[in-house]
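**Q** The structure under discussion is supplied below as structure tokens; questions concerning it will follow.
The values are calculated or read from the model by the stated rules, or taken from the named source; none is laboratory data. Given the structure is predicted, the values throughout are model-derived calculations rather than measurements. Backbone-built Cβ (ideal geometry, glycine too); neighbour counts: all protein chains shown.
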Amino acid sequence: MAGSGTAQLRTGDALLRVEHLVVNFHAGPRQRVHAVSDVSFDVLEGETLGLVGESGCGKSTTGRAVMQLPRPTSGSVRFAGQELTALKRGALRETRPQMQMIFQDPISSLNPRRRVVDIVAEPLAIWGRGGGAERDAKVREVFDAVGLDVDAAGDRRPYQFSGGQCQRISIARSLMLDPRLLICDEPVSALDVSVQAQILNLLADTKKRYGLTMIFIAHDLAVVKNVSDRVAVMYLGKLCEVAGADDLYEHPTHPYTNALLASIPEPDPQVRPSTNGAGLAGEIPSPVSPPSGCRFRTRCPRAQDRCAAEEPQMRQMRPDHFVACHFPVESPVSFGATRSTASNQ
Amino acid sequence: MPEPPSSRPPSRPDVVPAGIPSTSLGVMAGAPAGGEVLEGPADVQLGEAKTARAPSAAIRRLGFAFWISVGWVALVILLAVLANLLPLDDPNGIGSSLPKQSPSLQHLLGTDSLGRDIFSRIIFGARVSLIVGFTSIFIGMVVGGTLGLIAGFYRGPLDAIFDGASTVALAFPALVFLLAIVAAVGQSLFTVVVSIGILSIAPLFRIVRANTIVYAQREFVLAARALGARRIRIMAREILPNVLPTALSFALVAVAIAIVAEGALAFLGLSVRPPTPTWGGMISEGRTSLEQDALICLWPSLALFFTVLALNFAGDRLRSFFEIREGGL
Amino acid sequence: MRARRDRQTTGYPAAPETSGPLLEVADLTTHFRTGRGMVRAVDGVSFSLDRGRTLGVVGESGSGKTVLSRSIMGLLPRTNVVRSGEVRFAGRELTALTEAELRDIWGVEIGMVFQDPMTSLNPVMRVGRQITESLRHHLGVDRAEGRRRAVALLDSVGIPEPEQRLGDFPHQLSGGMRQRVTIAVALACGPRLLMADEPTTALDVTVQAQILDLLARQQRERYMAMVLVTHDLGVVAGRTDEIAVMYAGKIVEKAPTRTLFSDMKMPYTEALLKSIPKLADPSHTTLSVIPGRPPDLVNLPTGCRFYPRCPYAQQRCRDEEPPLQEATTPGHVYRCWFPVGTPEGRDALDRNRREGRLDAGAPVAPAGA
Ligand SMILES: Nc1ncnc2c1ncn2[C@@H]1O[C@H](COP(=O)(O)OP(=O)(O)O)[C@@H](O)[C@H]1O
Ligand SMILES: Nc1ncnc2c1ncn2[C@@H]1O[C@H](COP(=O)(O)OP(=O)(O)O)[C@@H](O)[C@H]1O
Ligand code: SF4
Ligand code: SF4
Ligand SMILES: [Mg+2]
Ligand SMILES: [Mg+2]
């Protein structure tokens, strides 16, 4: 994908299966934003799928379309055997407890006027579940799960907490209804590296403790790799490459994946950052009028005429490693190798 | 400032055995497995500066002048409510005393050209001003606020219509509208209240709508939708509490404007019928004898001026107060 | 070089050339008086920076990095600030200058790039004017020449179609493009020092790499000195000559970049480095974390400011503040009683581990706070 196709979908039961997802927004007269264009992926029960790409490539829109917030323009979203796009409003509401979302901006995700205990207890109040004592116990449990002390923190309001703590509160709220799927939309992008590590570990623990399936969205491949089993690389509304997290790093096949990897600032002075070339030049084009053929061609160092004429389809390169590119990096110059030899200053 | 329950690490050395670092464990609730340890205490720095639970801090931050303003408005309301119980002269007792007396112990602010006690008339006149100010804005708030909340939350064609209508309404010359209604329907307290109330719908609608649009885009609203909250609940629980403080502080300013509007109507003789005292009417009556006795005109003007000033100031302070709290972090 | 010629041809008084370092900061202290007490945001910071060199300043947010860089430039609030110490720039003592005199230094001798481009760009002024404005004001170039230079500048910071972009407003540009424009504005008068405060924190990794490359190239070509402030050790690793690690208002370790990574002495530096997810690690690697948060700058812990979070901490750390000590490598200084990689440090760590005390990355017994 920077092409389309469904080769990457697995047979058998997936908790979530998204096929040919399209989301367009209206932007002024006769202008449409092609935010997500024909994206397909699946997530198995208990798996974490990482979704990575530059900002504006449609990651959040994809995550929200899965939740039907708003409903996608077209395509299919099957969750636990139910076709969400076909559900009426009432029936869709019934599925809400099973899917939850955490957002990028920790402050904006919490109502500034409410006490954090009320924010966290709200899901039960919405669904009228449990009596007072039961609710208190559940609130206590999730506060405990995210490492906050309900007695000390509960009565305060969101602005009295740091970004990292607000993100914990968001996670606590999302756990209240015992969801099966948790969509994390750049939960650590606004945080310091030290706090980022705390939250990433917390998410890993939470996943284990509650048996969650996750979609983890980020723009930093190193972060995504740390939490994911499988990674989907996204560019301008399309998928580029889908593979296991470790496999993707060892054999990045799509030119865009390679570029993303080259941009990560390695905390090692031996690794000299790419000056010209390896890094990605230019900026992501407007999704209002995306390039023809392969959407990455305007920035791709390997682009040929064929890339403009024909959209690449997802195909398998290695076991469980899929790429949408006409001229994939077949035998990638191993990333570690180029980097370590480039250490002469 | 009371110590927050999650105490700061260094402040409790007594509970620490020989080991030092364990001090900071004191602030950590059950740390989840896998090397995860929580960040320290709830943000003490921000907490103390902005704590909503510490009323004394809030009182201090609103400032002395704010509380003077509130005190003044409260005093005026109290006097107006208790006017019948107070040992006041009959405000309409024409000729019960000599006209145009200077202030004395008997007549604190003197008497007007018909020999009525000015102090008593100002207090009874406050009733009209306050009833008009608060009731009309209450009407405007309920109607305009509700429409603003709905329009801002749902957007779409309905919103476009309301918004266009409010633009037109705001372009309309307000005083002309007031004069027209009163002239057509006739003078009465009810007419004045309702017509000023109608006039206040459009501006209050716009304030509430604009704020609603801002908050409706915040991610906590999306989170509530993802949790399956119904729209009515989202409006009531998530958006209204955020919109209300700004709207109410704006409403205080609107009350001041309404009181001035009533004063202007009364000045033109179009508010409640004489002899019922109103501030605007008193100013108008005093005008005729302005040269001989400026005080007759001055007292009601001062009452009007300070009440309007106090309402304006209090509304303004409240607005910035809420903005600061909101801006935290 | 070009900068100096500009100044001479336009009659702008060139600052006196001295042989010493371009920037020398000695014992700089900046405190804020607040209702809660004194916020000790910067507390006795010293360093020096030569022409053409880059210093990275790294630390968690709230450690005083921004206050430090603003304090160096004299860009502080007018009230409730207590500043002491010396800032010598090209032989002049900046702390002694009036604001009017400083204005001839800001943007001319010292360029600035901030985290949020919108704070340094005027939202209602076209991009072209923002660049030519300072050229014309400081260097007295005429309109046509200003425009020519603005185009050249936008071109040199990698903005495509610079002529067209001159007429754009900042909000019409993407985040990365805006940051390029702020860099162009900062470079317009040919400064000798560039202060970059988290210039890439708000940007994507790909754009971050581009902006960092751009800064490095400009710096090399112009022989500028640069202070690069960031919270990410990865950002400064390959792009600085020297790194200063800040914690709670103090520089706790400073070393040439390679030395810092290969032979770090501060437990804080080590912990900061370990908390970054590394590409080379397999997925699902548990990250080491620094527990807790930086201290409240009003109520600082006694002794070493890092002790409540330090895996090496001992009783001594709480009682005595460690002085700045020199390591074996020249230019490498640190503040620690039990440095990483020394026998004392290893002992301290072992003892804490044995006794089950706080240790970043290891499970900690739940405490009923
Ligand atoms: N409500 C909307 N209306 C119009 N355009 C939108 C809307 N939401 C997102 N977009 C556009 O869709 C594209 C993808 O956005 P998004 O999914 O937020 O990207 P990401 O999360 O990857 O940064 C962007 O170009 C964005 O401007
Ligand atoms: N004008 C000010 N008044 C009071 N405190 C301030 C002011 N500016 C910054 N601070 C405080 O100084 C500390 C350091 O802030 P800063 O330099 O912005 O940190 P960093 O840039 O490292 O994230 C913070 O605790 C901040 O609250
Ligand atoms: S080689 Fe062609 S198909 Fe492959 S990413 Fe580049 S432009 Fe797209
Ligand atoms: S002095 Fe002690 S507490 Fe401070 S960093 Fe060194 S070992 Fe840790
Ligand atoms: Mg997004
Ligand atoms: Mg900063």
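Every residue, every condition in (1) in contact (Cβ under 8 Å) with a residue 40 or more places away in the chain; (2) within 15 Å of ligand 6 (Cβ to nearest atom); (3) among the charged types (D, E, K, R), yes or no:
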site	(1), (2), (3)
C:56	yes, yes, no
C:60	yes, yes, yes
C:74	no, no, no
C:78	no, no, yes
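**Q** From the list A:115, A:129, pick out the single residue that is closer than 21 Å to residue B:241 by Cβ and of a type in the set (D, E, K, R).
**A** Working: A:129 fails: closer than 21 Å to residue B:241 by Cβ.
Testing whether each residue is closer than 21 Å to residue B:241 by Cβ and of a type in the set (D, E, K, R) leaves just A:115.
**Q** Which residues, taken from region C:41-66, are within 23 Å of residue A:163 (Cα to Cα) and either within 16 Å of ligand 4 (Cβ to nearest atom) or surrounded by 24 or more Cβ atoms within 10 Å (Cβ to Cβ) (or both)? Show your work before the answer.
**A** Just the residues of region C:41-66 that are within 23 Å of residue A:163 (Cα to Cα), to begin with: C:41-42, C:57-66.
Those that are within 23 Å of residue A:163 (Cα to Cα) and either within 16 Å of ligand 4 (Cβ to nearest atom) or surrounded by 24 or more Cβ atoms within 10 Å (Cβ to Cβ) (or both): C:42, C:57, C:58, C:59, C:60, C:63, C:64, C:65.
**Q** Residue check: is residue A:273 more than 10 Å from every other protein chain (Cβ to nearest Cβ), away from ligand 6 (no atom under 16 Å from the Cβ) and either at pLDDT 65 or above or closer than 30 Å to residue C:217 by Cα (or both)? Reasoning before the result, please.
**A** Numbers: more than 10 Å from every other protein chain (Cβ to nearest Cβ): no; away from ligand 6 (no atom under 16 Å from the Cβ): yes; either at pLDDT 65 or above or closer than 30 Å to residue C:217 by Cα (or both): yes.
So residue A:273 fails the test.
**Q** I need the full set of residues from region A:220-229 which are buried (at least 24 other Cβ atoms within 10 Å of the Cβ) and either of a type in the set (S, T, N, Q) or touching a residue at least 60 places away in the same chain (Cβ under 8 Å) (or both), in order please.
**A** Taking region A:220-229 as the starting set, the residues that turn out to be buried (at least 24 other Cβ atoms within 10 Å of the Cβ) are A:221, A:223-228.
The answer is A:221, A:224, A:225, A:226, A:227, A:228.
**Q** Could you check residue C:79 against (1) β-branched (Val, Ile, Thr); (2) over 10 Å from the mean Cα position of the chain (by Cα); (3) at pLDDT 90 or above and say which number it fails?
**A** (3)
**Q** Looking at region A:1-85, what strands (runs of 3 or more DSSP E) fall wholly within it and have at least 3 residues that are away from every other protein chain (no Cβ under 14 Å) and either within 16 Å of the chain's Cα centre (by Cα) or within 16 Å of ligand 6 (Cβ to nearest atom) (or both)? Break it down stepwise before answering.
**A** Details: elements: A:16-26, A:32-43, A:48-52, A:74-79.
In region A:1-85, A:16-26, A:32-43 are the strands (runs of 3 or more DSSP E) which contain 3 or more residues that are away from every other protein chain (no Cβ under 14 Å) and either within 16 Å of the chain's Cα centre (by Cα) or within 16 Å of ligand 6 (Cβ to nearest atom) (or both).
**Q** Hand me the list of helices (runs of 4 or more DSSP H) wholly inside region A:219-300 holding 2 or more residues that are under 14 Å from the mean Cα position of the chain (by Cα) and away from ligand 5 (no atom under 16 Å from the Cβ).
**A** Per the criteria, A:221-227.
**Q** Okay, moving on. Going through C:237, C:244 one at a time, which residue ends up being in contact (Cβ under 8 Å) with a residue 12 or more places away in the chain and in contact with a Lys or Arg (Cβ under 6 Å, 6 or more places away or on another chain)?
**A** Values: C:237 fails: in contact with a Lys or Arg (Cβ under 6 Å, 6 or more places away or on another chain).
Result: C:244 is the single residue among C:237, C:244 that is in contact (Cβ under 8 Å) with a residue 12 or more places away in the chain and in contact with a Lys or Arg (Cβ under 6 Å, 6 or more places away or on another chain).
**Q** Residue by residue through region C:270-307, note down the ones that are in contact (Cβ under 8 Å) with a residue 40 or more places away in the chain and within 11 Å of ligand 4 (Cβ to nearest atom).
**A** Matches in region C:270-307: C:270, C:271, C:305, C:306.
**Q** Tell me which residues, restricted to region C:29-56, are touching a Phe, Trp or Tyr at 6+ places or on another chain (Cβ under 9 Å) and modelled with pLDDT of 95 or more.
**A** From region C:29-56, those touching a Phe, Trp or Tyr at 6+ places or on another chain (Cβ under 9 Å) are C:38-41, C:51-52, C:55; that's our starting set.
Scanning region C:29-56 gives a single hit, C:55.
**Q** Next question. Within region A:62-69, can one find any residue that is within 23 Å of residue A:176 (Cα to Cα) and among the charged types (D, E, K, R)?
**A** Within region A:62-69, one or more residues are within 23 Å of residue A:176 (Cα to Cα) and among the charged types (D, E, K, R).
**Q** Give me the pairs, please: first residue somewhere in region A:88-99 and farther than 16 Å from residue A:212 by Cα and more than 10 Å from chain B (Cβ to nearest Cβ), second residue anywhere and assigned to a helix (DSSP H, G or I) and at pLDDT below 95, beta-carbon distance under 6 Å, and either six or more positions apart or on two chains.
**A** none
**Q** Counting only residues that are within 14 Å of chain A (Cβ to nearest Cβ) and more than 29 Å from the chain's Cα centre (by Cα), which one in region C:139-197 is surrounded by the fewest Cβ atoms within 10 Å (Cβ to Cβ)?
**A** C:161
**Q** If you don't mind, there's one more thing I want to ask. Return yes when residue A:53 is over 24 Å from residue A:176 (Cβ atoms) and either touching a strand residue (DSSP E or B) at 6+ places or on another chain (Cβ under 7 Å) or within 16 Å of ligand 2 (Cβ to nearest atom) (or both) and no when it is not. Before the answer, list the steps.
**A** On the way: over 24 Å from residue A:176 (Cβ atoms): yes; either touching a strand residue (DSSP E or B) at 6+ places or on another chain (Cβ under 7 Å) or within 16 Å of ligand 2 (Cβ to nearest atom) (or both): yes.
Yes; evaluated as a whole, the condition is true for this residue.
**Q** To continue, here is another question. Tell me, which residue of region B:288-308 that is of a type in the set (Gly, Ala, Ser) and in a helix (DSSP H, G or I) is farthest from residue B:125 (Cα to Cα)? Reasoning before the result, please.
**A** Step one: of region B:288-308, the residues of a type in the set (Gly, Ala, Ser) are B:289, B:294, B:301, B:303.
If we keep only those that are in a helix (DSSP H, G or I) too, we end up with B:294, B:301, B:303.
Numbers: B:294: 19, B:301: 12, B:303: 10 Å.
Filtering first and then ranking leaves B:294.
**Q** In region A:239-251, is there at least one residue being surrounded by 24 or more Cβ atoms within 10 Å (Cβ to Cβ) and under 14 Å from residue C:205 (Cβ atoms)?
**A** The first filter runs over region A:239-251 and keeps only residues surrounded by 24 or more Cβ atoms within 10 Å (Cβ to Cβ), leaving A:239-243, A:248.
Retained after the next criterion (residues that are under 14 Å from residue C:205 (Cβ atoms)): none.
So far as region A:239-251 goes, no, none of its residues is surrounded by 24 or more Cβ atoms within 10 Å (Cβ to Cβ) and under 14 Å from residue C:205 (Cβ atoms).
**Q** Among (1) at the interface with chain C (Cβ under 10 Å from one of its Cβ atoms); (2) within 16 Å of ligand 3 (Cβ to nearest atom), where does residue A:236 come up short?
**A** In the conditions (1) at the interface with chain C (Cβ under 10 Å from one of its Cβ atoms); (2) within 16 Å of ligand 3 (Cβ to nearest atom), residue A:236 misses (1) alone.
**Q** Being more than 27 Å from residue C:25 (Cα to Cα), among the acidic types (Asp, Glu) and over 15 Å from the mean Cα position of the chain (by Cα) is the requirement here; does residue C:221 meet it?
**A** Answer is no for this residue.
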